[in-house]
Amino acid sequence: MSNQKLYQYLLLLGDNSLILGHRLSELCGHGPSLETDIALTNMSLDLYGQVRSYFQYAAKIKGDNSTEDSVAFLRTEREYHNSILVEQENKDFAHVIVRQFFFDVYHNLLLDKLKSSKDEIIAAIAHKSIKESDYHLRFSSQWVRRLGGGTVISHEKTQAAVTHLYPFIHELVSPIPIEKEMQELGIGINPDDLRDEYFNQVQEVLNEVNLEYAELKERFARGKTGIHTEQLGYILGELQYMQRAYPNMQW
Amino acid sequence: MSPEIKLEDAFQARIDDEQKIEPKDWMPEKYRKTHIRQISQHAHSEIVGMLPEGNWITRAPSLRRKVGLLAKVQDEAGHGLYLYSAAETLGISRDELFDQLHTGKAKYSSIFNYPTLSWADIGAIGWLVDGAAIINQVMLTRTSYGPYARAMVRICKEESFHQRQGYEIMLTLCQGTPEQKAMAQDALNRFWWPSLMMFGPRDAESPNTEQSVKWKIKRKTNDELRQQFIDITAPQAEYLGITIPDPDLKWNEERGHYDFGEINWDEFWQVVKGNGPCNKERLQARVDAWENGAWVREAAVAYGNKKEKESIKVKTA
């Protein structure tokens with residue numbers, strides 16, 4: 001296997017955490033209560049911790065004086081491989097929670113399998129991260145229940161978020177070639193193997209509080225191959241601002 | 001002697017004896033009100049203070065700095081939580097306290113009404129603003145009201161970490177490129193005077209000081225604390241190699257302290273009265289977060305009530 005492929009796979013793993021971490025960090029100081037504010041910031045911190053582990057490893061593989069920061073900040077838009085779901089904006093708290101829930105179910109299933117990766121570093125990152133993703137999933141699924149089963153207004157808002165975001169989740173469990181190759185090598189996971197369990201878990205919670213979802217109405221979503229929505233450019237505009245405006249400096 | 005006066009004498013005797021006052025103890029109404037005012041003002045400062053620093057989270061220059069800043073701002077939220085809880089022990093609810101903030105009845109530290117315009121401002125805030133806050137807060141760990149003093153012990157530990165983190169950001173900038181050093185100097189220029197103002201008006205114009213000292217809420221006056229801050233900070237600026245924007249600042253051998261120039265008290269009062277550069281934006285951000293979050297809080301309560309009813313049904317069935 002070429003290092004280039006492993007590098008690509010690490011980006012695929014790390015970019016979801018990077019971009020979702022960014023979205024959550026935008027909310028810091030603006031949450032509906034101090035407790036939720038602290039919890040969302042915590043999740044953002046966990047995700048950035050994972051990003052650093054993946055990208056330190058990626059930088060080492062890439063060589064050429066790469067660092068976790070050059071990997072995180074100095075790629076062009078088409079070189080980011082996060083799923084479309086995680087770049088969706090923080091329209092309201094319902095969107096934040098539903099986006100988180102849809103990701104957490106996937107993330108937890110993925111990390112559980114990655115614990116057995118033949119790549120020791122990926123396996124170690126998965127072991128550490130699953131404790132975090134497990135907490136994230138408990139938090140987000142409980143909030144889907146609260147919002148979906150709370151008041152008429154909260155149900156409506158959560159339904160709107162589900163309707164908007166559900167079509168993006170197919171991308172999470174639809175494999176791209178690198179994922180298939182990595183699975184064959186025992187390093188990565190073909191997310192198609194997570195599909196049934198993923199939809200079971202998601203639908204169980206949605207059904208519990210009568211949130212409706214369209215059956216398999218897939219949206220065009222190719223974030224994993226680097227084709228994003230227009231939102232990613234603005235995220236990168238902020239994320240990369242300092243590194244682009246003041247290149248080659250220590251911070 | 002009336003029973004009220006006897007109680008007050010006994011209360012003062014306990015304070016003079018360095019005993020802590022606890023929530024269920026008798027206390028003069030004014031002592032209670034002063035504490036609600038001061039603790040809530042402190043809590044509000046923590047959560048409004050999240051905004052200027054939060055402004056740079058998405059643009060932090062490295063992953064390490066981003067994580068450090070996120071964790072710091074999250075700590076401020078945690079401090080807000082302890083402090084609101086401490087205020088609640090005096091018989092007021094968090095919702096009432098928020099209402100006082102949102103309607104402008106309660107104040108918060110004016111320093112947060114200044115904008116953060118560059119990454120160096122994050123360093124300057126940690127170094128100067130947290131540095132000034134610590135001087136005040138270390139004193140408060142020995143304040144007479146127990147819950148407040150205990151909250152302060154924990155807060156001080158975290159604040160001192162924040163202060164070092166801020167100074168380290170400044171040090172990195174000052175050892176960096178000329179552009180980075182200029183950024184650090186500019187941040188110092190903008191945050192120096194507002195940091196001195198954090199200690200409040202001069203003693204002669206501080207109506208609350210005398211009573212607060214008697215009740216051991218405060219153990220040092222505004223001017224004493226301000227002097228202490230300047231004496232600590234001036235050599236730190238020198239070590240960084242940047243210049244404090246005060247031509248009158250110089251060591252006075254005879255006093256054993258730094259002399260310093262006149263603070264612009266007109267600016268101080270303007271910002272206190274709501275006319276600072278960001279007063280409206282900061283308050284609006286808090287009001288928006290609260291109002292946009294109303295349906296979420298209502299949903300949580302409604303869901304909790306439903307679950308409680310269900311569990312009662314199960315138990316009685």
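The values are calculated or read from the model by the stated rules, or taken from the named source; none is laboratory data. Everything numeric here is computed off the predicted structure, so don't read it as measured data. Positions of Cβ are generated from backbone atoms using ideal geometry, with glycine treated the same way; all protein chains shown enter the neighbour counts.
B:Ile92 fulfils the conditions (1) assigned to a helix (DSSP H, G or I); (2) away from chain A (no Cβ under 11 Å); (3) among the hydrophobic types (A, V, I, L, M, F, W, C); (4) more than 16 Å from the chain's Cα centre (by Cα) except for a single criterion, (1). Scanning the stretch B:238-261 for residues that are aliphatic (A, V, I, L, M) and without any contact (Cβ under 8 Å) to a residue 60 or more places away in the chain returns B:Ile244, B:Leu249.
Does A:Asn65 satisfy the condition of being closer than 14 Å to A:Tyr9 by Cα and not in a helix (DSSP H, G or I)? The answer is no for A:Asn65.
Would you confirm, using the coordinates I've provided, whether A:Thr151 is surrounded by fewer than 16 Cβ atoms within 10 Å (Cβ to Cβ) and not acidic (Asp, Glu)? Taking the combined requirement at face value, the residue does not satisfy it.
Let's see how each residue does on (1) over 26 Å from A:Lys115 (Cα atoms); (2) surrounded by 16 or more Cβ atoms within 10 Å (Cβ to Cβ); (3) over 19 Å from the mean Cα position of the chain (by Cα):
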residue	(1), (2), (3)
A:Ile178	no, yes, no
A:Glu197	no, no, no
A:Gln201	no, yes, no
A:Ala214	yes, no, yes
A:Gln231	yes, no, no
A:Leu236	yes, yes, no
A:Tyr241	yes, yes, yes
A:Arg244	yes, no, yes
A:Gln250	yes, no, yes
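Tell me, yes or no, whether the stretch B:95-104 has at least one residue that is of a type in the set (A, V, I, L, M), under 27 Å from B:Phe199 (Cβ atoms) and within 14 Å of another protein chain (Cβ to nearest Cβ). There is at least one residue in the stretch B:95-104 that is of a type in the set (A, V, I, L, M), under 27 Å from B:Phe199 (Cβ atoms) and within 14 Å of another protein chain (Cβ to nearest Cβ).
Contact annotation: no residue pair with Cβ atoms under 8 Å, 6 or more positions apart or on different chains, pairs a residue in the stretch B:164-177 that is on the phi > 0 side of the Ramachandran plot with a partner that is surrounded by fewer than 21 Cβ atoms within 10 Å (Cβ to Cβ). Within this structure, A:Leu45 passes the test of being part of a helix (DSSP H, G or I), touching a helix residue (DSSP H, G or I) at 6+ places or on another chain (Cβ under 6 Å) and surrounded by fewer than 23 Cβ atoms within 10 Å (Cβ to Cβ). In this structure, B:Gln228 qualifies as under 18 Å from the mean Cα position of the chain (by Cα) and assigned to a helix (DSSP H, G or I).
Selection over the stretch B:150-183 of residues that are surrounded by 18 or more Cβ atoms within 10 Å (Cβ to Cβ), at pLDDT below 95 and among the aliphatic types (A, V, I, L, M) gives a count of 3. Just one of A:Ile121, A:Ile130 is touching a residue at least 24 places away in the same chain (Cβ under 8 Å), assigned to a helix (DSSP H, G or I) and more than 14 Å from every other protein chain (Cβ to nearest Cβ); which is it? Step by step, each of A:Ile121, A:Ile130 is checked, and only A:Ile121 is touching a residue at least 24 places away in the same chain (Cβ under 8 Å), assigned to a helix (DSSP H, G or I) and more than 14 Å from every other protein chain (Cβ to nearest Cβ).
Give me the residue from the stretch B:50-66 that is in contact with a Ser or Thr (Cβ under 8 Å, 6 or more places away or on another chain) and either of a type in the set (Val, Ile, Thr) or within 7 Å of another protein chain (Cβ to nearest Cβ) (or both) and, out of that set, nearest to A:Arg23 (Cα to Cα). Only one residue tops the list, namely B:Thr58.
Would you check if A:Asp37 is without any contact (Cβ under 8 Å) to a residue 24 or more places away in the chain, assigned to a helix (DSSP H, G or I) and surrounded by 19 or more Cβ atoms within 10 Å (Cβ to Cβ)? Taking the combined requirement at face value, the residue satisfies it.
When each of A:His22, A:His30 is tested for being under 26 Å from B:Trp290 (Cα atoms), out of contact with any Leu (no Cβ under 8 Å at 6 or more places or on another chain) and facing chain B (nearest Cβ under 7 Å), the lone residue that passes is A:His30. Cβ-Cβ contacts under 8 Å between residues 6 or more apart (or on different chains), taken from a first residue in the stretch B:100-125 that is at positive phi to a second residue that is of a type outside the set (Ser, Thr, Tyr) and at pLDDT 95 or above, are listed as B:Gly104/B:Leu283.
Among the residues making up the stretch A:154-172, those that are surrounded by fewer than 20 Cβ atoms within 10 Å (Cβ to Cβ) and more than 9 Å from every other protein chain (Cβ to nearest Cβ) are A:Glu156, A:Ala160, A:Thr163, A:His164, A:Pro167, A:His170. Of all residues in the stretch B:184-212, those satisfying the criterion of being in a helix (DSSP H, G or I) and at pLDDT below 95 are B:Asp203, B:Ala204, B:Glu205, B:Thr209, B:Glu210, B:Gln211, B:Ser212.
Scanning the stretch B:282-296 for residues that are without any contact (Cβ under 8 Å) to a residue 60 or more places away in the chain and either away from chain A (no Cβ under 12 Å) or surrounded by fewer than 18 Cβ atoms within 10 Å (Cβ to Cβ) (or both) yields B:Gln284, B:Asp288, B:Glu291, B:Asn292, B:Ala294. Residues being modelled with pLDDT under 95 and either of a type in the set (A, V, I, L, M, F, W, C) or part of a loop (DSSP other than H, G, I, E, B) (or both): count how many of those fall in the stretch A:194-226. The number of residues fulfilling the criteria is 9. When the stretch B:150-199 is limited to residues that are among the small types (Gly, Ala, Ser) and in contact with an Asp or Glu (Cβ under 9 Å, 6 or more places away or on another chain), the one that is farthest from the other protein chains (Cβ to nearest Cβ) turns out to be B:Ser160.
Here's the yes/no breakdown for (1) in a helix (DSSP H, G or I); (2) closer than 30 Å to A:Gly148 by Cβ; (3) within 14 Å of chain B (Cβ to nearest Cβ):
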site: A:Ala72; (1), (2), (3): yes, no, yes
site: A:Lys91; (1), (2), (3): no, yes, yes
site: A:Val96; (1), (2), (3): yes, yes, yes
site: A:Tyr106; (1), (2), (3): yes, yes, no
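The residue pairs whose first member lies in the stretch A:1-21 and is free of Cβ contacts under 8 Å to residues at least 12 places away in the same chain, whose second member is in a helix (DSSP H, G or I), and whose beta carbons are closer than 9 Å, counting only pairs six or more residues apart or on different chains, are A:Gln4/A:Ile61; A:Gln4/A:Lys62.
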